[in-house]
């Protein structure tokens with residue numbers, strides 16, 4: 001009889017701490033390595049609105065060849081759709097953002113009412129894009145009124161980046177599950193799809209063989225299926241619709257789905273530099289400005305050119321450089337305020353340093369205004385001079401606004417009002433109809449024989465330069481054609497009135513599409529139709 005050996009001692013049970021450690025390791029192995037990046041909630045409205053706005057833009061612009069009444073109409077649709085969709089989700093649109101969207105529509109109206117010179121039209125387009133980008137980005141977020149200049153610049157950069165990927169985000173966040181059919185219906189549709197897929201190659205192979213065997217059957221197939229007809233138009237229309245939908249998506253995504261206005265980190269509110277670190281650069285800059293301003297005082301009081309100076313050096317180049325100085329000073333004061341410690345911003349020493357920079361800067365701005373006036377007296381108006389006067393006005397008022405805020409230590413309210421002032425300056429300049437204004441002033445200087453201390457002979461207005469100002473100058477050109485183009489001698493390349501009439505017919509003879517209607521162009525078109533007909537000779541052949 002065998003004996004069973006006695007059982008040895010049982011192994012000790014794992015301790016509770018060991019069990020907890022094992023469970024923890026297992027849990028960590030199953031857990032994700034990092035929290036998922038937050039994404040917007042799924043929504044169908046943004047993508048549907050982008051497609052609808054893309055279709056509206058295609059219908060408003062296809063075949064027009066120009067921007068006119070179609071631009072403010074589409075911008076109004078975009079702004080209205082954005083505000084409506086935000087309210088539909090229970091969110092209150094930001095008042096400052098709605099103001100910027102309204103200004104974007106106002107910039108669109110400038111393309112329907114006036115024909116701005118090319119330089120001003122470019123600035124209006126930039127103002128429109130700026131208003132749209134910032135208005136869409138802050139539509140659901142507070143803080144636009146107190147945002148700093150750096151935050152606004154970061155938002156504009158973010159808007160450009162989002163325009164590249166926003167359409168794909170709208171596609172990815174669309175709730176596609178609501179479009180899936182029921183299980184039974186889905187299986188049936190799948191069977192039908194398989195059958196159609198198997199039928200296609202059979203029809204292609206046997207149809208081609210039968211068409212080769214009989215010419216009548218081949219003709220019937222050709223009449224039934226003509227893929228070439230209209231295919232190009234369909235591709236072109238689809239491409240235009242995709243382009244406009246892509247653009248609309250780039251604006252609707254930040255307005256309705258983005259989780260924050262800008263991708264760039266917000267500036268930190270920590271004190272950095274003391275009075276000495278900030279005061280030395282500001283004091284040195286103020287001393288430089290005082291020295292320069294002291295040299296400008298005699299010219300300001302005398303009202304003429306300094307000894308040894310020429311127009312090119314003192315007026316033309318000097319004005320642009322002084323405007324650059326004013327704009328850079330604006331930036332330097334903002335940066336210095338942002339880098340300084342809060343405890344010194346309301347002190348008298350810091351205020352005195354800002355005053356030491358701003359007070360002589362006012363004399364520098366007065367010198368710039370004098371140079372602009374002298375240049376205008378000598379050469380009349382131009383698009384660049386009108387824009388220079390507008391910029392001088394904006395930078396002067398903006399610097400006064402900054403000085404008040406620096407005195408009270410509240411520069412967080414600077415950027416948004418300064419932006420509104422700049423946009424309003426552009427709109428006001430456009431409403432003055434610079435093309436017509438320049439044409440009237442320069443023609444008056446010629447017909448009245450204006451002379452002064454800076455010009456001994458009357459100025460002659462160049463009719464070609466006036467035509468380049470756009471449709472706004474056409475009424476003045478047509479009404480004074482004989483004065484602008486005097487009698488022509490035997491010179492071979494002499495410009496005649498008929499040459500100008502032909503040029504006007506080339507520019508404004510064809511009526512615009514109603515969707516691209518423009519008030520200035522419509523007036524020019526009516527006036528040009530009253531002129532004698534164009535020359536029957538080909539001008540290009542005689543050149």
request  = Considering every residue within region 390-405, establish whether at least one is over 20 Å from residue 323 (Cα atoms) and crowded, with 20+ Cβ neighbours inside 10 Å.
outcome  = no
key: Filter pass, residue 474 being at pLDDT below 90 and surrounded by 16 or more Cβ atoms within 10 Å (Cβ to Cβ)   = no
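Just wondering, is there one or more residues in region 160-179 that are within 19 Å of residue 103 (Cα to Cα) and either in a loop (DSSP other than H, G, I, E, B) or in contact with a helix residue (DSSP H, G or I) (Cβ under 7 Å, 6 or more places away or on another chain) (or both)?
Scanning region 160-179, I find no residue that is within 19 Å of residue 103 (Cα to Cα) and either in a loop (DSSP other than H, G, I, E, B) or in contact with a helix residue (DSSP H, G or I) (Cβ under 7 Å, 6 or more places away or on another chain) (or both), so the answer is no.
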ask   = Is there a residue being assigned to a helix (DSSP H, G or I) and over 30 Å from residue 105 (Cβ atoms) anywhere in region 426-439?
value = no
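Taking the condition modelled with pLDDT under 95, closer than 15 Å to residue 247 by Cβ and assigned to a helix (DSSP H, G or I), does residue 136 pass? First the steps, then the outcome.
Numbers: modelled with pLDDT under 95: no; closer than 15 Å to residue 247 by Cβ: yes; assigned to a helix (DSSP H, G or I): yes.
When the stated conditions are applied, residue 136 does not pass them.
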message = Testing residue 375 on (1) closer than 25 Å to residue 475 by Cα; (2) surrounded by 20 or more Cβ atoms within 10 Å (Cβ to Cβ); (3) touching a helix residue (DSSP H, G or I) at 6+ places or on another chain (Cβ under 6 Å), one condition comes back false. Which one is that?
response = (1)
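Residue check: is residue 186 modelled with pLDDT of 75 or more and outside the structural domain of residue 428 (by TED's automatic domain parsing)?
On the way: modelled with pLDDT of 75 or more: no; outside the structural domain of residue 428 (by TED's automatic domain parsing): yes.
Judged against the criteria, residue 186 is not a match.
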ask   = Which one is surrounded by the most Cβ atoms within 10 Å (Cβ to Cβ), of the residues in region 211-261 that are part of a loop (DSSP other than H, G, I, E, B) and at pLDDT 75 or above?
value = 261
message = I'm trying to understand the selection: among the residues of region 337-357, which are assigned to a helix (DSSP H, G or I) and either at pLDDT below 90 or under 20 Å from residue 299 (Cα atoms) (or both)?
response = 337, 338, 339, 342, 343, 344, 345
ask   = Among the residues of region 44-72 satisfying the criterion of being closer than 14 Å to residue 514 by Cβ and surrounded by fewer than 18 Cβ atoms within 10 Å (Cβ to Cβ), which is nearest to the chain's Cα centre (by Cα)?
value = 66
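Give the residue, chosen from 126, 109, that is free of Cβ contacts under 8 Å to residues at least 24 places away in the same chain, assigned to a helix (DSSP H, G or I) and surrounded by fewer than 22 Cβ atoms within 10 Å (Cβ to Cβ). I'd like the intermediate steps shown before the answer.
Numbers: 109 fails: free of Cβ contacts under 8 Å to residues at least 24 places away in the same chain.
Of the residues listed, the single one that is free of Cβ contacts under 8 Å to residues at least 24 places away in the same chain, assigned to a helix (DSSP H, G or I) and surrounded by fewer than 22 Cβ atoms within 10 Å (Cβ to Cβ) is 126.
Taking residue 204 as the residue in question, decide whether it is loosely packed, with under 14 Cβ neighbours inside 10 Å, in contact with a helix residue (DSSP H, G or I) (Cβ under 6 Å, 6 or more places away or on another chain) and either farther than 30 Å from residue 126 by Cβ or at pLDDT below 80 (or both). Working first, answer last.
Working: loosely packed, with under 14 Cβ neighbours inside 10 Å: yes; in contact with a helix residue (DSSP H, G or I) (Cβ under 6 Å, 6 or more places away or on another chain): no; either farther than 30 Å from residue 126 by Cβ or at pLDDT below 80 (or both): yes.
Here the answer is no, as residue 204 does not meet what is asked.
Residues are listed down the side, and each one gets a yes or a no for (1) buried (at least 18 other Cβ atoms within 10 Å of the Cβ); (2) free of Cβ contacts under 8 Å to residues at least 12 places away in the same chain; (3) in contact with a helix residue (DSSP H, G or I) (Cβ under 8 Å, 6 or more places away or on another chain); (4) over 12 Å from residue 430 (Cα atoms):
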| site | (1), (2), (3), (4) |
| --- | --- |
| 94 | yes, no, no, yes |
| 97 | yes, no, yes, yes |
| 114 | yes, no, yes, no |
| 118 | no, no, yes, no |
| 122 | no, yes, no, no |
| 130 | yes, no, yes, yes |
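Taking the stated definitions as given, is residue 76 surrounded by fewer than 23 Cβ atoms within 10 Å (Cβ to Cβ) and either touching a residue at least 40 places away in the same chain (Cβ under 8 Å) or closer than 18 Å to residue 246 by Cβ (or both)? Before the answer, list the steps.
Values: surrounded by fewer than 23 Cβ atoms within 10 Å (Cβ to Cβ): yes; either touching a residue at least 40 places away in the same chain (Cβ under 8 Å) or closer than 18 Å to residue 246 by Cβ (or both): no.
The answer is no for residue 76.
Residues are listed down the side, and each one gets a yes or a no for (1) touching a helix residue (DSSP H, G or I) at 6+ places or on another chain (Cβ under 7 Å); (2) in a loop (DSSP other than H, G, I, E, B); (3) at pLDDT below 70:
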| site | (1), (2), (3) |
| --- | --- |
| 269 | no, yes, yes |
| 288 | no, no, no |
| 292 | yes, no, no |
| 298 | no, no, no |
| 301 | no, no, no |
| 307 | no, yes, yes |
| 314 | yes, no, yes |
Enumeration of residues in region 441-484 that are part of a loop (DSSP other than H, G, I, E, B), in contact with a helix residue (DSSP H, G or I) (Cβ under 7 Å, 6 or more places away or on another chain) and over 28 Å from residue 518 (Cα atoms) = 454, 458, 459, 460
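The values are calculated or read from the model by the stated rules, or taken from the named source; none is laboratory data. All figures in this text were calculated on a predicted structure; none of them were measured in a lab. Reconstructed Cβ throughout: ideal geometry from the backbone, glycine too, with neighbour counts over all protein chains shown.
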